[in-house]
Amino acid sequence: MSVYKRSGKETYSYDFVVGHRRFSGDTGATKKRDAKSFEDNQRQIAKATVAAESALQADTMTFEIAALRWYHEVGQHHKNFETTLKVLEWLRQNVGAGTDLRDIDDATVARLVARRRGERVRRKHKDGKFHEGNLVSSATVNRSCTQPLREIILRAKNVWKVSVGDITFGKHLLKEQKERVREASVEEESAIMNALGRGYEDAVRFAFLNGCRRMEILGLEWQHVDFFSRRFTVTGKGGHSRTIPMSQETFDLLWAQKDNHPVRVFTFEAARANKKLKLSRGKRYPLTESGLKSAMRRAVPAAGVSNFRFHDTRHTAATRVLRKSNLRVAQRLLGHADIATTTKYAHAQDDDLRAALEATSSPTRNPTNGTDEEAKTMEGKRN
C-alpha cells in the first residue's frame, strides 16, 4: 500500500508489509512527494531490521542482507541518506543481491570500480529530462563504490563476526584530483563588481559575502528571508536547506531588493525590450542561470581578472570566514555534510601560521637581557 491520508488528517500515513510483518505510522508530511520519500526510508529500515534479526546467528551472509543491516545501523543516520540509498541500490545491482560475502574479492572490487568509472554523470535539465554528461570523477567512484563497499565488508567482519572475502581495499581507491581553491583579492573583487550592473552586481556581492552556490542564489525567495531574526534559508544540493545569519552588509543588500519582485530576491533590469523573452526595457525580472553566467563571463575579463569562475566566490567567502574563525564555522556556512570536504580551505590557517612564523626569523629590536640579579628577584617572587 502506498502513502495515504486518513479521514480528517492533514498528514499522510504509510502501511506496508515486510517479511510477514506489518509496519505502519504517520509520515508527518503534508505533501505526497515528501511522504513517499519518508515511506521509502521506513521501508528500507524495515527490511534492514528483518534482515538483521534473521542473520544474528549466521556465520556468513549475502550482500543484500549485509547492505540492509549496515543501512539500519549506519546509513540511515547519514545527513544525505537518500544518496546513501541510491549508492546501496547500485551496489546491490552490480555486486548481486544473493552474492555471499565470502565470494567478494579483489577481482570483484576491480570489476566494480571499472564499471563505475565508465558511467557518466546524469543531470536534470530545464526540460525535465535527464542528460548524460562527463564521466564520473575519481572522487565519485571512491565515494559511491569503493568506500561504501569497504564499510559494509569491514563491519560484517569486525562487528558482526561473519566470514568475508580477502580484499585489499587500499589498492582499489583511485587517486583524486585536488580541487583548486581560487580566492579573489580585494582588488579583484572590486574590479569584478565594477564591471557588473543592472542587478547582477548584487547577486555576485551576495555570493562573495555568504559563499552560496549559484542555484542557491537564483532560487532564493522572499518567503525564505527573515529580516526580523536576520536570517535567510537557501536550498542546496539534493534539496537540502541551511539557514545562514545575516551580516549587516547582507541585511542592507537584501533590504535594497525588497521592492523589486514579489517572489524572487535577485532580479535584473532589462536593458532593452525583447518580445520573444517578453521583456520590457527598464523593468526588473528574476535572474536566470544563463543570464548570470553570461554577466560573469563578460565581467571577469573586462575587470582584468584571470582564472576566476562564479564558484570561486564561494571559495573566497569560505577562505575569508576560516581566517576569522575555524573549520566548523566554515562547514556550517557551506553546508558540507562532512568536515573533510571543508579541510581544502585549511590553507587559510596555514597562511596565518606562516605569517606568524615569519616574525621568528626577524631579530628583535629590543631584546630582553635578563641579569642574574633580575633572575633572583623573579625567583623570589615565585617563592
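The values are calculated or read from the model by the stated rules, or taken from the named source; none is laboratory data. Nothing here was measured: the structure is a model prediction, and the numbers come from that model. We place every Cβ from the backbone using ideal geometry, glycine too, and count neighbours over all the protein chains shown.
A few points about this structure:
- Qualifying residue in the range 238-245 (condition: over 24 Å from the mean Cα position of the chain (by Cα) and of a type outside the set (Val, Ile, Thr)): no
- Elements of type helices (runs of 4 or more DSSP H) contained in the range 325-368, each with 2 or more residues being charged (D, E, K, R) and either modelled with pLDDT of 85 or more or within 25 Å of Glu82 (Cα to Cα) (or both): 327-334
- Residue list for the range 69-94, filter: farther than 21 Å from Glu119 by Cβ and of a type outside the set (Lys, Arg): Trp70, Tyr71, His72, Glu73, Val74, Gly75, Gln76, His77, His78, Phe81
- Flag if Arg69 is buried (at least 16 other Cβ atoms within 10 Å of the Cβ) and either at pLDDT 95 or above or among the basic types (Lys, Arg) (or both): yes
- Residue count for the range 166-198, restricted to those that are under 25 Å from Arg111 (Cα atoms) and part of a helix (DSSP H, G or I): 4
The rows are residues; the columns are (1) part of a helix (DSSP H, G or I); (2) in contact with a Lys or Arg (Cβ under 6 Å, 6 or more places away or on another chain); (3) not acidic (Asp, Glu).
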residue: Glu249; (1), (2), (3): yes, no, no
residue: Lys258; (1), (2), (3): no, no, yes
residue: Pro262; (1), (2), (3): no, no, yes
residue: Phe268; (1), (2), (3): no, yes, yes
residue: Ala271; (1), (2), (3): no, no, yes
residue: Gly282; (1), (2), (3): no, no, yes
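- Residues (in contact with a Leu (Cβ under 9 Å, 6 or more places away or on another chain) and either touching a residue at least 40 places away in the same chain (Cβ under 8 Å) or within 15 Å of Gly197 (Cα to Cα) (or both)) located in the range 272-290: Arg272, Tyr285, Pro286, Leu287, Thr288, Glu289
- Taken over the range 135-191, the criterion of being over 30 Å from His311 (Cα atoms), surrounded by 15 or more Cβ atoms within 10 Å (Cβ to Cβ) and in contact (Cβ under 8 Å) with a residue 24 or more places away in the chain is satisfied by Leu149, Ile152, Ile153, Arg155, Ala156, Trp160, Val162, Val164, Gly165, Ile167, Phe169, His172.
- Some residue of the range 116-134 being of a type in the set (Asp, Glu), within 27 Å of Lys178 (Cα to Cα) and touching a residue at least 60 places away in the same chain (Cβ under 8 Å): no
- Looking only at the range 94-114, and only at residues there that are out of contact with any His (no Cβ under 8 Å at 6 or more places or on another chain) and closer than 14 Å to Asn142 by Cβ, the one that is surrounded by the fewest Cβ atoms within 10 Å (Cβ to Cβ): Ala114
- In the range 220-238, the residues that are part of a loop (DSSP other than H, G, I, E, B), free of Cβ contacts under 8 Å to residues at least 40 places away in the same chain and surrounded by 14 or more Cβ atoms within 10 Å (Cβ to Cβ): Arg230
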